[in-house]
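Trainee: Before we start, here is the structure in question, set down as structure tokens.
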Amino acid sequence: MQTYSIALIPGDGIGRDVTAAAWSVLEKVSSDAGFALKGTEFPWSCKFYKETGAMMPADGIETLRGFDAILLGAVGWPAEVPDSVSLHGLLLPIRKAFVQYANIRPHRLLPGVQGPLKAEAFDILCIRENTEGEYSGAGGRVHQGTADEVAVETSIFTRKGVERILRFGFEQARARRGKLASITKSNAQKYSMVFWDEVTKELSSEYPDVTVTSYHIDAMAARMVMAPESLDVVVASNLFGDILTDLGAAIQGGLGFAASANINPDRSAPSMFEPVHGSAPDIAHLGIANPMATIWSAAMMLDHLGEKDAAVRIMAALEQTTARGIGTVPGKDKTDVITAAVLAALS
Ligand code: NAD
Ligand code: IPM
Ligand code: MN
């Protein structure tokens, strides 16, 4: 029997609840479909940091390298560990070390979910650059704590990095409705974003079947609210993609629905699957986190592993659940009730 080894990193806060929910769904579909998932759980989190002084062991990346995929809940507990420590100690190094340069985030309404917009029929695929740009980590502070203090945070855009994410966007658009929106702020940022626009233009001649339009990030934020149905694939830098995908989550009914896949397209290292949302400290002990974003991410994981039928089954079960009105209103149904309904839809 085909067996996939999965590294499970529940992380902090609601990360634990939503990964447990997704794992129960994965166990159900795998046993039905005749493949096996061997899960190995890692306790890496802010709690782990407080106990050991590190978010993961020094050989954490090497440990993860041997897995077929990683399923992660959420990282961060800012009341006890600064985000700049926790995220740079676990989540961001995994994305970089495993060259998971394509962060895929789908935004559409599941049936029965009432989003905040009038538009219902939108289907947007955000492709976020995931390894460089504004998240390069390059910079520093001088004259700290004085009136002359200066903080510098340098964005790094390489030709290799920009070209590969744009190419990924063009390919996705080609496989969908043939429309690509490329996002910059080249009216204000005259080096990196002008460069991004130039590479977009260069590549467009290789994809005559794709209609590519460049938008400024501010205009795109408005368009996602005013005319989301006009969009197909949206490709953006690390920070712009981060912001647009919380906006995408909002228009699809909330962060509890927004899934995400951190893909290494070359398959030279494992890819990682996680919801868009964080550890949600405000609801962490209430048992009301919506697990659908993580269950959807788990479906993306199976699709990536080649188990396409099982992935389709999970999406159908999610859709049946929301169509019955379960999990559609944030906070109304408990995590366990939503998970049980998804499992029942799979029976
Ligand atoms: P958040 O995404 O955790 O929460 C934002 C809001 O959305 C909160 O009101 C929360 O209750 C709600 N929410 C989030 N997920 C939900 C779900 N599944 N069901 C119902 N409601 C949900 O963002 P934040 O509060 O800015 O961040 C909290 C911590 O998580 C911080 O440490 C942050 O850095 C971290 N974070 C981690 C990730 C990640 O691991 N990928 C992503 C985002 C934020
Ligand atoms: C996300 C998160 C992370 C990001 C944070 C927690 C570093 O917001 O996955 O969207 O900005 O990438
Ligand atoms: Mn984010």
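Trainee: Please tell me if Ile338 is among the β-branched types (Val, Ile, Thr) and out of contact with any Gly (no Cβ under 7 Å at 6 or more places or on another chain). Reasoning before the result, please.
Mentor: Values: among the β-branched types (Val, Ile, Thr): yes; out of contact with any Gly (no Cβ under 7 Å at 6 or more places or on another chain): no.
Here the answer is no, as Ile338 does not meet what is asked.
Trainee: Suppose we filter Glu274, Glu229 for residues that are at pLDDT 95 or above and more than 16 Å from ligand 2 (Cβ to nearest atom); which single one remains?
Mentor: Of Glu274, Glu229, the one residue that is at pLDDT 95 or above and more than 16 Å from ligand 2 (Cβ to nearest atom) is Glu229.
Trainee: Restricting the search to region 62-94, which residues are buried (at least 17 other Cβ atoms within 10 Å of the Cβ) and within 10 Å of ligand 1 (Cβ to nearest atom)?
Mentor: Leu72, Gly73, Ala74, Val75, Gly76, Trp77, Val81, Ser86, Leu87, Leu90, Leu91, Leu92
Trainee: Find the residue count for region 327-347, including only residues that are within 17 Å of Ile314 (Cβ to Cβ) and out of contact with any Pro (no Cβ under 9 Å at 6 or more places or on another chain). Give the steps one after another, and end with the answer.
Mentor: Applying the first criterion (within 17 Å of Ile314 (Cβ to Cβ)) to region 327-347 yields 327, 335, 338-347.
Among the residues that remain, those that are also out of contact with any Pro (no Cβ under 9 Å at 6 or more places or on another chain) are: 340-341, 343-347.
Qualifying residue count, region 327-347: 7.
Trainee: In addition: Given the options Val18, Val25, name the one that is within 16 Å of ligand 2 (Cβ to nearest atom) and either in the same structural domain as Val81 (by TED's automatic domain parsing) or surrounded by 15 or more Cβ atoms within 10 Å (Cβ to Cβ) (or both).
Mentor: On the way: Val25 fails: within 16 Å of ligand 2 (Cβ to nearest atom).
One residue alone meets the criteria, Val18.
Trainee: Same structure, new question: Tell me, which residue of region 268-278 that is more than 9 Å from ligand 1 (Cβ to nearest atom) and part of a loop (DSSP other than H, G, I, E, B) is surrounded by the fewest Cβ atoms within 10 Å (Cβ to Cβ)? It would help to see each step written out before you state the result.
Mentor: As a first pass, look at region 268-278 and keep what is more than 9 Å from ligand 1 (Cβ to nearest atom): 268-273.
The next check asks that each one be part of a loop (DSSP other than H, G, I, E, B); those that pass are 268-270.
Working: Ser268: 9, Ala269: 17, Pro270: 22.
For region 268-278, the residue satisfying everything is Ser268.
Trainee: Can you tell which of Leu64, Leu92 is modelled with pLDDT of 95 or more and either part of a strand (DSSP E or B) or over 24 Å from Ala299 (Cβ atoms) (or both)?
Mentor: It is Leu92.
Trainee: Go through (1) of a type in the set (Val, Ile, Thr); (2) exposed (fewer than 15 other Cβ atoms within 10 Å of the Cβ); (3) without any contact (Cβ under 8 Å) to a residue 40 or more places away in the chain one by one and return the number of the condition Val225 breaks.
Mentor: Only one criterion is unmet by Val225, namely (3).
Trainee: Regarding Ser182, is this residue under 21 Å from Asp123 (Cα atoms), free of Cβ contacts under 8 Å to residues at least 40 places away in the same chain and in a strand (DSSP E or B)?
Mentor: On the way: under 21 Å from Asp123 (Cα atoms): yes; free of Cβ contacts under 8 Å to residues at least 40 places away in the same chain: no; in a strand (DSSP E or B): yes.
In short, no.
Trainee: Kindly check whether there is at least one residue in region 279-295 that is touching a residue at least 24 places away in the same chain (Cβ under 8 Å), assigned to a helix (DSSP H, G or I), under 21 Å from Phe98 (Cα atoms) and away from ligand 3 (no atom under 16 Å from the Cβ).
Mentor: No, there is no match, as no residue in region 279-295 is touching a residue at least 24 places away in the same chain (Cβ under 8 Å), assigned to a helix (DSSP H, G or I), under 21 Å from Phe98 (Cα atoms) and away from ligand 3 (no atom under 16 Å from the Cβ).
Trainee: Here is a further query. Within region 223-237, count every residue that is acidic (Asp, Glu) and over 16 Å from Leu109 (Cα atoms). Spell out how you get there, then give the answer.
Mentor: Residues of region 223-237 that are acidic (Asp, Glu), as a first pass: 229, 232.
Those left that are additionally over 16 Å from Leu109 (Cα atoms): none.
Final tally of qualifying residues: 0.
Trainee: Looking at the structure I just gave you, is Asp218 of a type outside the set (Phe, Trp, Tyr), farther than 25 Å from Val113 by Cβ and either in the same structural domain as Asn130 (by TED's automatic domain parsing) or more than 15 Å from ligand 2 (Cβ to nearest atom) (or both)?
Mentor: Details: of a type outside the set (Phe, Trp, Tyr): yes; farther than 25 Å from Val113 by Cβ: yes; either in the same structural domain as Asn130 (by TED's automatic domain parsing) or more than 15 Å from ligand 2 (Cβ to nearest atom) (or both): yes.
Yes, satisfied.
Trainee: Of all residues in region 161-220, which are over 22 Å from Val99 (Cβ atoms), out of contact with any strand residue (DSSP E or B) (no Cβ under 6 Å at 6 or more places or on another chain) and of a type in the set (Asp, Glu)?
Mentor: Glu198, Glu202, Glu206, Asp209, Asp218
Trainee: Can you name the condition, by its number, that Leu110 falls short on among (1) surrounded by 17 or more Cβ atoms within 10 Å (Cβ to Cβ); (2) over 25 Å from Ile217 (Cα atoms); (3) in the same structural domain as Tyr49 (by TED's automatic domain parsing); (4) not acidic (Asp, Glu)?
Mentor: Failing condition for Leu110: (3).
The values are calculated or read from the model by the stated rules, or taken from the named source; none is laboratory data. Everything numeric in this text was worked out from a predicted model, so none of it was measured. As a convention, Cβ positions derive from the backbone with ideal geometry for all residues, glycine included, and neighbour counts pool all protein chains shown.
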